[in-house]
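Quick note: the coordinates plus some simple rules give every number you see, no bench work behind them. Every value quoted in this text rests on a predicted model; they were computed, and no experiment measured them. When we count neighbours, we look across all protein chains shown, and the Cβ atoms used for this are built from the backbone with ideal geometry, even at glycine.
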Amino acid sequence: MVATRSELLSELTAGGLSGRSLRGREVAVLFQVSERTVLEWSRRGRLPTLVDPRGIRRYPAEAVRDLLREAGEVGFSL
């Protein structure tokens, strides 16, 4: 089960996700977009992506946090 947006934001601001990679669904929840949009951001180079040998994409938590900050996420400051 995917955490709620507020839970994920709390973990990001507290540094609890440092060094972790997020699933596409988690990134989608944070940005309130579809998983397809996250995949498109990845393909266009807007969001750094880690791809394992099976082809599963993950997104570094630090990169997601930085992108949230760039987007001017309300209430999101470190």
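Solvent-free Debye calculation, one equal scatterer per alpha-carbon of the chain: log10 I(q)/I(0) at 0.17 Å⁻¹ equals -0.60. Neighbour counting of Cβ atoms within 10 Å sorts the residues 44, 23, 57, fewest neighbours leading, into 44, 23, 57. Extending 7 Å from Cα along the Cβ direction at residue 50 and again at residue 10 yields two label points whose distance is 2.5 nm.
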